[in-house]
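The values are calculated or read from the model by the stated rules, or taken from the named source; none is laboratory data. Remember, predicted model here, so these are calculated numbers, not experimental data. A quick note on method: Cβ atoms are made from the backbone with ideal geometry, for glycine too, and the neighbour counts reach across all protein chains shown.
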Amino acid sequence: MLLIISNLTAVRAQTSSVAQYNVAWSAQSNNSSESMPCGGGDIGLNVWVEKGDLLFYVGKSGTFDHNNAVLKLGRVRVRLSPNPFAANNRFSQQLVLNDGYVQLNGNAAGISATVKVWVDVFRPVIHVDIASNRAINAEASYESWRFADHVVKGRENNANSYKFAPQGEVKTLKDEIRFDGDAVTFYHRNGPERSAFDLTVQQQGLDSIKSQLFNPLTNLTFGGTMAGKGMKPAGTSTGTYLNTDFQGWKLVSSSPARAHSLAIYLHTDQAASPAHWQQGLDRVKQDATAHAKTAERTTQRWWNDFWAKSFIRINAPTDSPQWQAARNYQLFRYMLGCNAFGTFPTKFNGGLFTYDPVLTDSTMRFTPDFRNWGGGTHTAQNQRLVYWPMLKSGDFALMKPQFDFYLNTLRNAELRTEFYWHHKGASFTEQIENSGLPNPAEYTWKRPADYDKGMEYNAWLEYEWDTVLEFCQMMLDTERFTGEDISRYVPLIESCLTFFDEHYQYLARKRGSKALDGDKKLIIYPGSAAETYKMAYNSTSTISALRTVANRLLDLPDTYLTPEKRNAWRSFLNRIPAISFRSFEGHPTISPAKLWERINNVESPQLYPVYPWGIYGLGKAGLDTAINTYLYDKDALTFRSHVGWKQDNIFAARLGLTDEAARLTLMKLANSPRRFPAFWGPGYDWTPDHNWGGAGMIGLQEMLLQTDGRRILLFPAWPKTWDVHAKLHAPYNTTVEVVLKNGQLESLIVTPESRRADVVNWLK
């Protein structure tokens, strides 16, 4: 029975405190896999204390070398003497979520100290602040494993764009590292060496238009400088951490003190020369100095506001799966918040928080730069799950790096379409580089001479073009949620739709005399339903995407589209074919396509009309058919799982299958097997597995709140026995804050109040 919420007296509940979800450890870590994330702006640190030393890896958005691997910016080791961390049993480490920092406390032999590690959200600066009860000495070492060129062999190439198909010898080039006055300066620069971009352009026959292509690697220079107040150089050191040799550049305090401060200033730029990069770094330091008195306060205020925007707090015992799911939801959101202002998106395969790979896979004795599935390679099917939950969490600003990724590579995608097929539209493949071109390993070097040069010669990826449409939908949703002007993204959305319209008419004309079928519909063949149903005819996931995005484009205000364009897109809508169906044991279900030649993976695109496309759902026609697909489709049943990028928990929530959604989401958001609860993986990808976390976030959100046009469905798949206090975002600048206790809705705050009439309580 549906209850329309009206005339409910809402008592504004106090904003949920995130402090209960702080992660606190009372013992030191054994290695980097037991690290804790910390970050801000576009910087991520893995922080841990091992054998009395504070260590952290430094990750930053967009640090691609010429092989298109994402490189760490090094490791920092801080050692105090006398050492308050000498006694493991008098130690604590805590991630303070509300203010976005890590605090460490130690006490040994009468020396007690507090160390605070934090990152300026608005400037690329890392701070380590040390306070002790007595004067002590501090030593800070900048440690690098890139002190010499390193030949990359075998599976270690999975971290770069060459992956399983390197062309000749591949080297990670050494960094420039030096003492610079009382500081250590370090940087990595992509010089004149032939880059992965150059090789990709040549491989794909694009040399004649190379000068027109966006190249994100040329002259890219990244690094920084480490300095400490009252600290001076103290020579270099050598060592081995796990399986990786390193060199260290040490700074030591000039004299014992009760307070020490260390700062690492970072800068990334496609600089014309190292001198130009140095000038940029100097500006970072000048800006940080000018704002030194307010930086910590403004950073904490940003995190305070971040947590006030949205939350999900399940009130249950702290050892219960429900409490853990809510806690891990917040922890993963924190990790996403650390790349709010990156020049590149948060990578699905570890984000900013990867660590020594041997601790994920004992056979991978590689450097800390390693991550599986590439650095500059962006697998769109996985990236989407990192970004979808940001709508309901209200983290719209965090979506900009992912949107701009496509905007920056749009021209390359259009140029390749025009070059290969002489028609319009943006061709975005799966496994694309940060240039927008197909990954060279997946494009494949060993290809038939007469094979279409615009195509990936790849059993998993061939004819898979449509995941970009999910990001187009996110852009459109941003406009609907916030009212923000998305004019800059509309040409991208139109170009992506244009590609399908023109390319499938182009392919039809190559096969015969007609561009459309007998019903004047597009013939979407060959196509692909995700990576699973290959050589598909009229893939359901593609049809759903095209129909939904085109309709939403037409829903935009008149300022976005001319009348001529509106008529053109209405005509395009009429050319999109219908979804196909099939039966299992007499139950009608959604088919993944009209026809296909083989099954190649383990996804369930027959349920994409449920999520993300929302064609089927609660209160909509055909819900029984969609539920049948979940319950009876033999492939969907075989593929069902909570691991990695699997979306079954989301499908179940969208279909109102409460018990199933709860079961899978609790499994998805259960504590990881690592010390930090949200370091999931490797799943199908790597650790931390960010699409595992993203799918978990989406599932919990969809259990609580779903939207359809102006309708807001409350508790559509929420167990009545789960007490919860939550605040989520909905379209039309709306927030919904609810308190459910003992199966009763205690409080409902809808902002603006005028939207209350659109809320439907689905709690059963």
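Just a few scattered comments:
- The stretch 471-523: number of residues that are charged (D, E, K, R), touching a residue at least 60 places away in the same chain (Cβ under 8 Å) and either surrounded by fewer than 17 Cβ atoms within 10 Å (Cβ to Cβ) or at positive phi (or both): 3
- Some residue of the stretch 97-112 being hydroxyl-bearing (Ser, Thr, Tyr), farther than 27 Å from Arg301 by Cα and more than 22 Å from the chain's Cα centre (by Cα): yes
- Residue in the stretch 76-97 that is touching a Phe, Trp or Tyr at 6+ places or on another chain (Cβ under 7 Å), within 23 Å of Pro401 (Cβ to Cβ) and part of a loop (DSSP other than H, G, I, E, B) present: yes
- Among the residues of this structure, Leu336 does not count as one that is in contact with a Gly (Cβ under 9 Å, 6 or more places away or on another chain), more than 16 Å from Trp692 (Cα to Cα) and crowded, with 22+ Cβ neighbours inside 10 Å.
- Residue check, Gly376 over 26 Å from Pro491 (Cβ atoms), buried (at least 24 other Cβ atoms within 10 Å of the Cβ) and under 14 Å from the mean Cα position of the chain (by Cα): no
- Reported count of residues in the stretch 43-54, each being over 19 Å from Leu80 (Cβ atoms) and out of contact with any strand residue (DSSP E or B) (no Cβ under 6 Å at 6 or more places or on another chain), is 0.
- For Thr318, the conditions (1) out of contact with any Pro (no Cβ under 8 Å at 6 or more places or on another chain); (2) crowded, with 16+ Cβ neighbours inside 10 Å all hold with the exception of (2).
- Residue match in the stretch 413-422 (condition: modelled with pLDDT of 95 or more and touching a Pro at 6+ places or on another chain (Cβ under 7 Å)): no
- Those residues of the stretch 141-178 which are out of contact with any His (no Cβ under 9 Å at 6 or more places or on another chain), surrounded by fewer than 19 Cβ atoms within 10 Å (Cβ to Cβ) and not in a loop (DSSP other than H, G, I, E, B), in sequence order: Val151, Gly154, Arg155, Arg178
- Residues in the stretch 501-558 that are assigned to a loop (DSSP other than H, G, I, E, B) and in contact with a Lys or Arg (Cβ under 8 Å, 6 or more places away or on another chain): 6 in all.
- When Gln706 is tested against (1) touching a residue at least 60 places away in the same chain (Cβ under 8 Å); (2) closer than 30 Å to Gly374 by Cβ, just one condition goes unmet, and that condition is (2).
- Of all residues in the stretch 231-249, at least one satisfies being free of Cβ contacts under 8 Å to residues at least 60 places away in the same chain and over 20 Å from Trp145 (Cβ atoms).
- For the residues Ser33, Ser29, the requirement of being assigned to a loop (DSSP other than H, G, I, E, B), touching a Phe, Trp or Tyr at 6+ places or on another chain (Cβ under 7 Å), surrounded by 16 or more Cβ atoms within 10 Å (Cβ to Cβ) and at pLDDT 50 or above singles out Ser29.
- Test result for Thr354, more than 19 Å from Ser35 (Cα to Cα), outside the structural domain of Thr63 (by TED's automatic domain parsing) and either in contact with a His (Cβ under 7 Å, 6 or more places away or on another chain) or among the β-branched types (Val, Ile, Thr) (or both): no
- Scan of the stretch 619-667 for residues that are over 25 Å from Pro682 (Cβ atoms), crowded, with 16+ Cβ neighbours inside 10 Å and of a type in the set (D, E, K, R), ordered by number: Asp633, Arg654, Glu660
- Residue within the stretch 716-727 that is farther than 21 Å from Thr318 by Cα, charged (D, E, K, R) and either touching a residue at least 12 places away in the same chain (Cβ under 8 Å) or surrounded by 22 or more Cβ atoms within 10 Å (Cβ to Cβ) (or both) present: no
- Any hit, the stretch 594-609, residues being hydroxyl-bearing (Ser, Thr, Tyr), in contact (Cβ under 8 Å) with a residue 60 or more places away in the chain, touching a Lys or Arg at 6+ places or on another chain (Cβ under 9 Å) and part of a loop (DSSP other than H, G, I, E, B): yes
- The stretch 180-234: number of residues that are loosely packed, with under 14 Cβ neighbours inside 10 Å, acidic (Asp, Glu) and at pLDDT 95 or above: 1
- Residue satisfying all of: in the stretch 36-73; part of a loop (DSSP other than H, G, I, E, B) and of a type in the set (A, V, I, L, M); farthest from Thr244 (Cα to Cα) among these: Ala69
- Check on Arg123, part of a loop (DSSP other than H, G, I, E, B), in contact with an Asp or Glu (Cβ under 7 Å, 6 or more places away or on another chain) and assigned by TED's automatic domain parsing to the domain that holds Asn243: yes
- In the stretch 303-315, residue farthest from Phe332 (Cα to Cα) [restricted to those that are crowded, with 18+ Cβ neighbours inside 10 Å and among the hydrophobic types (A, V, I, L, M, F, W, C)]: Ile314
- Boolean, Ala508 is among the small types (Gly, Ala, Ser) and closer than 27 Å to Val610 by Cα: no
- Enumeration of residues in the stretch 505-545 that are more than 27 Å from the chain's Cα centre (by Cα) and either closer than 30 Å to Thr638 by Cβ or among the β-branched types (Val, Ile, Thr) (or both): Ile523, Ile524, Tyr525, Pro526, Met535, Ala536, Tyr537, Asn538
- Pro491 vs. criteria at pLDDT 95 or above and within 25 Å of Asn601 (Cα to Cα): no
- Selection of the stretch 198-222 for residues being within 24 Å of Pro274 (Cβ to Cβ) and out of contact with any Asp or Glu (no Cβ under 7 Å at 6 or more places or on another chain) yields Asp198, Phe214, Asn215, Pro216, Leu217, Thr218, Asn219, Leu220, Phe222.
- Flag for Ala316 being out of contact with any Ser or Thr (no Cβ under 9 Å at 6 or more places or on another chain), over 20 Å from Pro677 (Cβ atoms), hydrophobic (A, V, I, L, M, F, W, C) and outside any helix (DSSP H, G or I): no
Yes or no, residue by residue, for (1) assigned to a helix (DSSP H, G or I); (2) among the acidic types (Asp, Glu):
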| site | (1), (2) |
| --- | --- |
| Asn215 | no, no |
| Thr221 | no, no |
| Lys250 | no, no |
| Thr268 | no, no |
| Gln278 | yes, no |
| Asp287 | yes, yes |
| Thr299 | yes, no |
